Amino acid sequence: MKIHWLQHVPFEGLGCIEEWAREKSAELNCTRLFKNEALPTLSDFDWLIVMGGPMGIYDHAEFPWLIEEKALIRKAIDANKTVLGICLGAQMMADVLGAKVYPGPCKEIGWFPIKRRENAPEIVPETLTVFHWHGDTFEIPEGAIPLAVSEPGINQGFVYNGNAVALQFHMETTAESMKALISNCRHELISAPYIQSAEQMVAGSGHIETVNAAMNLLLNSLL
């Protein structure tokens, strides 16, 4: 199994997904878009994993590689590759499938619960406290199955064609990746109903083992 992942900033990596891939003896390769590395071709991978980042999906002027990246995501979905998008990656999946991506009613940053949608595939638990760090959200693309929702009523994911999964939230989070986000994006931590302080996020580290187990189950289901 060949897994290729797309990295938008140096402080957002695969988290616990990397350990899972190593355990499955997967061939793991990465395009670091922030270094203007070349994107893979469809023959280079079986799975495409698109990670998060602080940029918006329409910031083409500042990040011109977004255009080619989104084209690759669409080609991978059309070729029935396994595609997993997380946070920014989920928003790009929604966009290439024709759905609107826009600023949400509130930012969600920290440990907050999600609930699996009725009739959604059981690839995530019915309820789960997960790690969030996002301001934008998306509509559900035509033909996709809504996956989960958060307390403010914000879409948290969808499944398309059975093998393309978009997650607005983070289940790959490790203690290290959480601290890296806090360190690099601390300016976003203002007083708001769904924004936790750095101290509250670190205090929620007990959720990491549970969300990593849930991520492993999701990845196994995609096999």
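The values are calculated or read from the model by the stated rules, or taken from the named source; none is laboratory data. These numbers come from a predicted model, not from an experiment. Backbone-built Cβ (ideal geometry, glycine too); neighbour counts: all protein chains shown.
Is it true that Leu28 is out of contact with any Phe, Trp or Tyr (no Cβ under 6 Å at 6 or more places or on another chain) and either modelled with pLDDT of 95 or more or not aliphatic (A, V, I, L, M) (or both)?
yes
Kindly indicate whether any position in the stretch 17-25 is over 23 Å from Asn161 (Cα atoms), touching a Leu at 6+ places or on another chain (Cβ under 7 Å) and not in a helix (DSSP H, G or I).
Scanning the stretch 17-25, I find no residue that is over 23 Å from Asn161 (Cα atoms), touching a Leu at 6+ places or on another chain (Cβ under 7 Å) and not in a helix (DSSP H, G or I), so the answer is no.
Residue check, Gly89 against (1) assigned to a helix (DSSP H, G or I); (2) of a type outside the set (Lys, Arg); (3) surrounded by fewer than 18 Cβ atoms within 10 Å (Cβ to Cβ); (4) in contact (Cβ under 8 Å) with a residue 24 or more places away in the chain, all met but one. Which one?
Every condition holds for Gly89 apart from (3).
Just one of Gly98, Gly135, Gly110 is among the small types (Gly, Ala, Ser) and in contact with a Lys or Arg (Cβ under 8 Å, 6 or more places away or on another chain); which is it?
Working: Gly98 fails: in contact with a Lys or Arg (Cβ under 8 Å, 6 or more places away or on another chain); Gly110 fails: in contact with a Lys or Arg (Cβ under 8 Å, 6 or more places away or on another chain).
Answer to the check: Gly135.
Tell me which residues, restricted to the stretch 106-126, are in contact with a Gly (Cβ under 9 Å, 6 or more places away or on another chain), over 20 Å from Leu181 (Cα atoms) and surrounded by fewer than 18 Cβ atoms within 10 Å (Cβ to Cβ).
Pro121
What is the residue count in the stretch 15-49 for residues that are in contact (Cβ under 8 Å) with a residue 40 or more places away in the chain, more than 16 Å from Asn220 (Cβ to Cβ) and of a type in the set (A, V, I, L, M, F, W, C)?
Count: 2.
Of all residues in the stretch 49-70 being assigned to a loop (DSSP other than H, G, I, E, B), of a type in the set (A, V, I, L, M, F, W, C) and touching a strand residue (DSSP E or B) at 6+ places or on another chain (Cβ under 7 Å), which is surrounded by the fewest Cβ atoms within 10 Å (Cβ to Cβ)? Outline the logic, then answer.
Kept after step one, since they are assigned to a loop (DSSP other than H, G, I, E, B), are these residues of the stretch 49-70: 51-64.
Now drop any that are not of a type in the set (A, V, I, L, M, F, W, C), which leaves 51, 55, 57, 61, 63.
Next, only the ones that are touching a strand residue (DSSP E or B) at 6+ places or on another chain (Cβ under 7 Å) stay: 51, 57.
On the way: Met51: 24, Ile57: 22.
Applying the filter and picking the extreme gives Ile57.
Only one of Ile109, Ile73 is assigned to a helix (DSSP H, G or I), β-branched (Val, Ile, Thr) and either at pLDDT 95 or above or touching a helix residue (DSSP H, G or I) at 6+ places or on another chain (Cβ under 9 Å) (or both); which? Talk me through it step by step, then tell me what you get.
On the way: Ile109 fails: assigned to a helix (DSSP H, G or I).
Every option except Ile73 fails the conditions.
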